[in-house]
Amino acid sequence: MSLITQYKKERQSADSEDSSLPDKLNEFYARFDRENTSTPVPLPCDNHDPPFLVTEQETRRALTRLDMNKAAGPDNIKPRLLKTCSNQLASVFTFIFNWSLTTSTIPLCFKLSTIVPVPKKPSPETLNDYRPKFCKPNVSFFRREVNTI
């Protein structure tokens with residue numbers, strides 16, 4: 001298991017005063033993706049069916065169901081703003097979602113996330129003493145909500 005995860009017995013310093021800690025954590029978390037050099041294989045698609053599209057009402061409903069207690073993501077857009085402006089934003093996001101579904105592409109801004117290292121114990125000593133917490137844009141959360149309606 002240690003060979004697969006590249007977990008090292010030696011102590012990898014996690015001194016919070018160390019200015020290179022962000023780089024060390026980035027290297028530590030990225031180790032799983034380093035050898036993933038395979039190119040995605042396109043799946044065959046039957047284009048005889050009309051594309052799945054969402055309505056403005058479904059988008060508005062998904063916007064109003066956002067949890068206002070969540071923090072803003074890397075896009076700095078708070079769920080409270082999305083929920084409050086749901087009537088004005090529904091048509092815009094419906095267009096974006098339907099374009100995304102029709103072209104089978106997801107806008108890059110919906111895929112970006114920030115990794116926040118959360119200590120597993122009060123005084124972390126090694127890089128393994130941190131848990132990665134992914135902060136995604138709130139828009140990506142309600143896009144998923146629209147897809148489940």
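Please treat every number below as a calculation from the coordinates, not as lab data. Because the structure is a prediction, the values reported are computed rather than measured. Positions of Cβ are backbone-derived with ideal geometry, glycine not excepted, and every protein chain shown enters the neighbour counts.
List the trypsin sites (Lys or Arg not before Pro) in the stretch 55-117 that DSSP assigns to loop (not H, G, I, E or B) and whose Cβ has at most 16 other Cβ atoms within 10 Å. Which are they? List each step's numbers first, then the result.
Numbers: sites: ARG60, ARG61, ARG65, LYS70, ARG80, LYS83, LYS111; in loops: ARG65, LYS70.
Qualifying residues, ordered by number: ARG65, LYS70.
When the pairs LYS78/LYS111; LYS78/LYS121; LYS24/LYS121 are compared against a 26 Å limit on Cα-Cα distance, LYS78/LYS121 fall above it. Residue ranges 117-124, 72-79 sort as 72-79, 117-124 when ordered by packing (mean number of other C-beta atoms within 10 Å per residue, highest first). Overall, the stretch 51-149 carries a charge dipole of about 240 debye about its Cα centre when +1 sits on the Cβ of Lys and Arg and -1 on the Cβ of Asp and Glu, all other atoms neutral.
Sorting the segments 19-26, 133-140 by their mean number of nearby beta carbons within 10 angstrom, highest to lowest, gives 133-140, 19-26.
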